[in-house]
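Note sheet for the following structure.
The values are calculated or read from the model by the stated rules, or taken from the named source; none is laboratory data. A quick note: this is a predicted structure, and the numbers were derived from the prediction, not measured. Positions of Cβ are generated from backbone atoms using ideal geometry, with glycine treated the same way; all protein chains shown enter the neighbour counts. Surface areas here come from the heavy atoms of the whole protein model, side chains and all, with no ligands, DNA or RNA. Shrake-Rupley method; radii C 1.70, N 1.55, O 1.52, S 1.80 Å.
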Amino acid sequence: MTKRNYATVNPCVMCQPMGSALAFKGIENTMVLYHGSQGCSTYMRLLLAHHFREPVDIASSSLSEKGAVYGGRENLKKGLRNVINRYNPKVIGVATTCLAETIGDDVPAIIREFKEEEGIGDDPEKDIIIIPVSTPSYGESHVSGYIKALDAVVRKFAEKPEEESAVKVQNEKLNVIPVESLSPADVRELKEIFEVMAGDYIFLPDISETFDAPLREDLPKISPGGTPLSEIADMPNSQASLGLGIVSRNLAVKYLEESHDVPGYSVPIPVGLSNTDSFFTELVKILGCPIPVKYLKERGRLLDAMVDVHKYLYGVKAAVYGDPDFVFSLTTFMLELGMNPVLIATGSKSKDFEAKIRQTVEKINPELEPVVLNGIDFDTLNDAVSQCNPEILIGNSNGRYIAKARDIPLVRVGLPIHDRVGAQRILTVGYRGAMELLDRITNAIMEATDTFTAPVPAELAAYAEKRSEEECADGVR
């Protein structure tokens, strides 16, 4: 592979503000405002709308050349006033962009000044809550932007008690805080599992309705749904927190554990057999209840499906790319299916990614030595595909040019998917999600290997032509 460390060509990730929007949009009655140029919010709205096929409003402070020179204080204040007057939200998530961070605007100080001018307090019951989060695009990726935004939300609504002797009233609920890779269909599937097993739970963020809403005659300015604010404030009283994802940092789970003594647990995203087994095992340990028969049957159906397609998938070389935690779970599933993930890549920089991938590969298929790439762009991924020669690509839509050039199938999962419809309905988690993903992968391979235009031997072609002529002659006579 060619090393190009001086520039990024077609990045494999999206910017930090994008991740913050994914987090904030999963919270009840929340509006997102980007402190930066107008183009930033336009790009985010377009990409999210293409992926989820839903209208996505994101406000902007619309910094221009003047703001870049003199600062964006007044632009941000004006933007906040417009959002309050037009949307009347309960929460405003203010994410910074490259421009605001470069000129050095002190966004928390500007927000404090704005609240004093407008007479806005800090009571969640009566006042609008404004949550700033620092997310310059040149810093990291949408993965870290999502993590930072959730951490800021939890810290704001679940502040550490001033007195150590404060009485804690446990609510017997389970906090669930996933990574950024889930679809609305995934969230609905997980919520159904928690309703059966946990009863009371708090899922943050909940994008099941906000990014996949039913059709309405009167389109609301802010999509209904999302995690209720009262539940976020109640998270410090829960019996435990479960983080979905073990590669990326889950700052919200860590904060609740360190500041409120809420035990924190982490499991991989439940994609595939063993990851879903780990997910249910952890739930049994935390909640002390058995796995419902419904899911034991689903597990049996998944095993049956894996046996059915083994002859099609065994030994197939795959390239998997996307967000770190999602790629980790996908890789585990590929190995369980007997496939050979020869190339495993993520565009986000993660210090634990390669170690966890190699540990999993060593456990399931020690003879396999995959190429593992961390923090790369699609130019580097293309070079790696050329060397590894996979038979199938598994990842988001942005890999379609590589798949087309190599004439190999692409199974679209993750974010973004903008050249196909239905991304919001793609189910990958749980045993049911594994079966659906299994079918998609198998059918893609079968379709790619179908041959409808096999060459006909010359003697057979001549015989067929002669018989056709004779039949025509007989018909004429």
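Residues of the range 241-258 being buried (at least 21 other Cβ atoms within 10 Å of the Cβ) and more than 21 Å from the chain's Cα centre (by Cα), which ones?
Residues satisfying the conditions are Tyr255, Leu256.
Which of the numbered conditions does Thr210 fail, given that it passes all the others? Conditions: (1) under 17 Å from the mean Cα position of the chain (by Cα); (2) in a helix (DSSP H, G or I).
Every listed condition holds for Thr210 apart from (2).
Answer yes or no as to whether Asn374 is under 19 Å from Pro184 (Cα atoms) and among the polar types (S, T, N, Q).
No; evaluated as a whole, the condition is false for this residue.
Looking only at the range 171-222, count every residue that is β-branched (Val, Ile, Thr), open to solvent by less than 20 Å² (accessible area, probe 1.4 Å) and more than 28 Å from Arg412 (Cβ to Cβ) and tell me the total.
Residues meeting the conditions: 1.
Tell me yes or no: at least one residue of the range 79-94 is under 26 Å from Lys351 (Cα atoms) and not aliphatic (A, V, I, L, M).
Going through the range 79-94, the residues under 26 Å from Lys351 (Cα atoms) turn out to be none.
So far as the range 79-94 goes, no, none of its residues is under 26 Å from Lys351 (Cα atoms) and not aliphatic (A, V, I, L, M).
Would you pick out the residues in the range 348-369 that are touching a residue at least 60 places away in the same chain (Cβ under 8 Å) and either open to solvent by 10 Å² or more (accessible area, probe 1.4 Å) or of a type in the set (Gly, Ala, Ser) (or both)?
Listed by number, the residues that qualify are Ser348, Lys349, Ser350, Asp352, Lys356.
Would you list the strands (runs of 3 or more DSSP E) that sit entirely within the range 339-448 and hold 1 or more residues that are hydroxyl-bearing (Ser, Thr, Tyr)?
Here the list reads 340-346.
Among the candidates Ala233, Ala318, Ala305, Ala213, which residue alone is touching a strand residue (DSSP E or B) at 6+ places or on another chain (Cβ under 6 Å) and aliphatic (A, V, I, L, M)?
On inspection, the qualifying residue turns out to be Ala318.
So how many residues does the range 271-286 have that are out of contact with any strand residue (DSSP E or B) (no Cβ under 7 Å at 6 or more places or on another chain) and either over 17 Å from Glu189 (Cβ atoms) or outside any helix (DSSP H, G or I) (or both)? Don't jump to the end; show me each part of the working.
Restricting attention to the range 271-286, the residues satisfying the condition of being out of contact with any strand residue (DSSP E or B) (no Cβ under 7 Å at 6 or more places or on another chain) are 271-277, 280-281, 283-285.
With the extra rule that they be either over 17 Å from Glu189 (Cβ atoms) or outside any helix (DSSP H, G or I) (or both), the set shrinks to 271-272, 274, 281, 284-285.
Residues flagged as out of contact with any strand residue (DSSP E or B) (no Cβ under 7 Å at 6 or more places or on another chain) and either over 17 Å from Glu189 (Cβ atoms) or outside any helix (DSSP H, G or I) (or both) within the range 271-286 amount to 6.
Contact list please: Cβ distance under 6 Å, first residue in the range 184-211 and of a type in the set (Gly, Ala, Ser), second residue open to solvent by less than 10 Å² (accessible area, probe 1.4 Å) and not in a helix (DSSP H, G or I), pairs at least six apart or on different chains.
Ala198/Leu174
Do the conditions hold for Asp234, that is, is it open to solvent by 30 Å² or more (accessible area, probe 1.4 Å), modelled with pLDDT of 95 or more and either touching a helix residue (DSSP H, G or I) at 6+ places or on another chain (Cβ under 8 Å) or within 30 Å of Ile357 (Cα to Cα) (or both)?
Judged against the criteria, Asp234 is not a match.
For Ser259, are the conditions met, namely being touching a Lys or Arg at 6+ places or on another chain (Cβ under 9 Å), more than 18 Å from Val187 (Cα to Cα) and not in a loop (DSSP other than H, G, I, E, B)?
yes
Please identify the pairs in which a residue from the range 64-85 that is on the phi < 0 side of the Ramachandran plot has its Cβ atom under 6 Å from the Cβ atom of a residue that is modelled with pLDDT under 85, counting only partners at least 6 apart or on another chain.
Pairs found: Asn75/Gly67.
Six or more apart or on different chains, Cβ atoms under 6 Å: show the pairs whose first residue is in the range 289-310 and surrounded by 12 or more Cβ atoms within 10 Å (Cβ to Cβ) and whose second is β-branched (Val, Ile, Thr) and part of a helix (DSSP H, G or I).
Note: pairs meeting the criteria are Pro292/Val196; Val309/Thr442.
Run down Leu242, Leu182, Leu219 and say which single residue is in contact with a helix residue (DSSP H, G or I) (Cβ under 8 Å, 6 or more places away or on another chain) and in a loop (DSSP other than H, G, I, E, B). Give the derivation first.
Working: Leu242 fails: in a loop (DSSP other than H, G, I, E, B); Leu219 fails: in contact with a helix residue (DSSP H, G or I) (Cβ under 8 Å, 6 or more places away or on another chain).
Of Leu242, Leu182, Leu219, the one residue that is in contact with a helix residue (DSSP H, G or I) (Cβ under 8 Å, 6 or more places away or on another chain) and in a loop (DSSP other than H, G, I, E, B) is Leu182.
Of everything in the range 109-153 that's in a helix (DSSP H, G or I) and of a type in the set (Ser, Thr, Tyr), which residue is surrounded by the fewest Cβ atoms within 10 Å (Cβ to Cβ)?
Ser144
With respect to Ala345, is the statement that it is more than 22 Å from Gly245 (Cα to Cα), among the small types (Gly, Ala, Ser), at pLDDT 95 or above and open to solvent by less than 20 Å² (accessible area, probe 1.4 Å) true?
So Ala345 does not fit the description; no.
Output the helices (runs of 4 or more DSSP H) that fall wholly within the range 17-108 and possess 1 or more residues being touching a Ser or Thr at 6+ places or on another chain (Cβ under 6 Å) and open to solvent by 30 Å² or more (accessible area, probe 1.4 Å), or say none.
Values: elements: 38-52, 65-70, 73-87, 98-103.
In the range 17-108, the matching helices (runs of 4 or more DSSP H) lie at 38-52, 73-87, 98-103.
Under 9 Å by Cβ, and 6 or more places apart or on different chains, what pairs join a residue from the range 377-395 that is closer than 14 Å to Ala405 by Cβ with one that is among the hydroxyl-bearing types (Ser, Thr, Tyr) and surrounded by 22 or more Cβ atoms within 10 Å (Cβ to Cβ)?
These pairs meet every condition: Phe378/Tyr321; Leu381/Tyr321; Leu393/Tyr321.
Residue by residue through the range 370-390, note down the ones that are open to solvent by 40 Å² or more (accessible area, probe 1.4 Å) and hydrophobic (A, V, I, L, M, F, W, C).
Matches in the range 370-390: Val371 only.
Please list, ordered by first then second residue, the pairs with beta carbon atoms under 8 Å, 6 or more apart or interchain, first in the range 324-338 and open to solvent by 10 Å² or more (accessible area, probe 1.4 Å), second in a loop (DSSP other than H, G, I, E, B) and aromatic (Phe, Trp, Tyr).
Gly338/Tyr314
For (1) at pLDDT 95 or above; (2) of a type in the set (Asp, Glu); (3) surrounded by fewer than 18 Cβ atoms within 10 Å (Cβ to Cβ); (4) touching a Gly at 6+ places or on another chain (Cβ under 9 Å), each residue gets a yes or a no:
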| site | (1), (2), (3), (4) |
| --- | --- |
| Ile392 | yes, no, no, no |
| Pro409 | yes, no, no, no |
| Asp419 | no, yes, yes, no |
| Val429 | yes, no, no, no |
| Ile441 | yes, no, no, no |
| Asp450 | no, yes, yes, no |
| Thr453 | no, no, yes, no |
| Leu460 | no, no, yes, no |
